[in-house]
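To start, the structure itself, in structure tokens.
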Amino acid sequence: MKYILISLMALLTGCISNQNNEWQSLFNGQDLQGWRNYNSQGINGKWIVEDSAIHLTEKGGQHIVYNQPFKDFELKLQWKISERGNSGIFIRSSERYQYPWMSGVEMQILDDEKHPNAKNPLTKAGSCYDLIAAPEGAVNKAMAWNDVHIIVKGSHYQFFLNGVKTADFDVKSAEWRALIAGSKFKKYPGFSENKQGFICLQDHGDPVWFRNIKIREL
């Protein structure tokens, strides 16, 4: 009997573990269930669902978050940006601050071909915004879909854009502290230090689309 109980417990533990490691959809393709504005319970009407994608139609929609914090995870999604457009994905943001970029690390979204920010390698598409430059040629042209894969485990972050690794860093490393010290983020105590937080999609004033958003907790 003891052996049977141990076996059952092991089986159940394995099932729970497998379940926790499954991919979870964060967007059902039909409505904005699970999403809300940053530091709000509602969502601005300038964020809509269009052709199975979350679409920011114009400036003023404000940033949105998925209504559940995550710790260690893999995140996959697709985005496309309007011509000369700018947006971003914030990771482990806290709502203790006025804006998500005061705490969460950003993967940049940009039309590298026409947006002036692309003149700075640190703010090109796929970069860890203003801190780590993405390699040339990773992003597709405006209005074409791009594949994102972000892996966050402990203090280690990895960004991939269309299969190209665009950033790989450890937020507890001396190298990271040096990057922060030389950036605008040094003004924000606790930046990048959250062990868990919200996934946030940015309103930078330009039309942007997101789809096939899914996460796997690690």
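The values are calculated or read from the model by the stated rules, or taken from the named source; none is laboratory data. Quick caveat, the model's predicted, so the values are computed rather than measured. All Cβ positions, glycine included, derive from the backbone under ideal geometry; neighbour counts span all protein chains shown. Accessible surface areas use protein heavy atoms only, side chains included; no ligands, DNA or RNA. Shrake-Rupley method; radii C 1.70, N 1.55, O 1.52, S 1.80 Å.
Give the residue list of GluC sites (Glu not before Pro) in region 87-131 that are DSSP loop and have at most 13 other beta-carbon atoms within 10 angstrom.
Glu113
Which FRET efficiency value, to the nearest 0.05, do you get for Arg177 and Glu113 by plugging their Cβ-Cβ distance into 1/(1 + (r/R0)^6) with R0 = 30 Å?
According to the calculation, E is roughly 0.35.
Multiplying the sequence separation of Arg216 and Lys195 by 0.36 nm and subtracting their Cα-Cα distance, what value in nm do you get?
So the chain would gain 5.9 nm between Arg216 and Lys195.
Return the FRET efficiency for the residue pair Glu50, Ser155: r is the Cβ-Cβ distance, R0 is 45 Å, and the value is rounded to the nearest 0.05.
0.75
Ignoring ligands, DNA and RNA, what accessible area per residue does region 36-217 give at 1.4 Å, in Å²?
Ligands and nucleic acids excluded, the figure is 44 Å² per residue.
In a GNM of the chain with a 10 Å cut-off on Cα contacts, which of His55, His115, His63 has the highest mean-square fluctuation?
Among His55, His115, His63, the largest mean-square fluctuation in the Gaussian network model of the chain belongs to His115.
So, in nm, how far is label Asn39 from label Lys141 when the simple model puts each one 7 Å beyond its Cα toward the Cβ?
Between Asn39 and Lys141, the simple spin-label model gives 4.0 nm.
State the percentage of accessible surface on the chain attributable to carbon and sulfur atoms; use a 1.4 Å probe and exclude ligands, DNA and RNA.
51
Loop only per DSSP, at most 13 neighbouring Cβ atoms within 10 Å: give me the GluC sites (Glu not before Pro) in region 18-83, ordered by residue number.
Of the GluC sites (Glu not before Pro), the ones in loops of region 18-83 whose Cβ has at most 13 other Cβ atoms within 10 Å are Glu22, Glu58, Glu83.
Taking θ = phi - 60°, what integer Hz values does the Karplus form 6.51 cos²θ - 1.76 cosθ + 1.60 yield along region 74-89, in sequence order, with x for Gly and Pro?
10, 10, 10, 6, 10, 9, 9, 10, 5, 4, 6, x, 9, 7, x, 10
Any idea what the dipole of region 126-184 comes to, in debye rounded to 20, about its Cα centre with Lys/Arg Cβ at +1 and Asp/Glu Cβ at -1?
Roughly 120 debye for region 126-184.
For every helix of n ≥ 4 consecutive DSSP H residues, a contribution of -39,500 (n - 2.57) applies; sum these over the chain, divide by its total residues, and give [θ] at 222 nm rounded to the nearest 500 deg cm²/dmol.
Rounded to the nearest 500, the figure is -4000 deg cm²/dmol.
Measure off 7 Å from each Cα along the Cα-to-Cβ vector at Asp168 and Thr57, then give the distance between these two points in nanometres to one decimal.
Inter-label distance under the simple model: 4.3 nm.
From the Cα gyration tensor of region 36-217, with a ≥ b ≥ c the square roots of its eigenvalues, which class applies: rounded if a/c is under 1.5, or else prolate if a/b is larger than b/c, or else oblate?
Rounded is the answer for region 36-217, as its axis ratio a/c remains below 1.5.
Which of Lys187, Lys80, Lys165 moves the most in a Gaussian network model of the chain with Cα springs under 10 Å?
Greatest mean-square fluctuation among the candidates belongs to Lys187.
Taking 0.36 nm per residue of sequence separation and subtracting the Cα-Cα distance, how much length would be gained by fully extending the chain between Arg96 and Asn21, in nm to one decimal?
24.1 nm
I want to verify a result. In a Gaussian network model of the chain, Cα cutoff 10 Å, which of these has the top mean-square fluctuation: Asp72, Asp170, Asp51?
Comparing Asp72, Asp170, Asp51 in a Gaussian network model of the chain, the most mobile one is Asp51.
Between Asp31 and Ala133, take the C-beta separation as r, use R0 = 25 Å, and let me know the FRET efficiency to the nearest 0.05.
Result of the calculation: an efficiency of 0.10.
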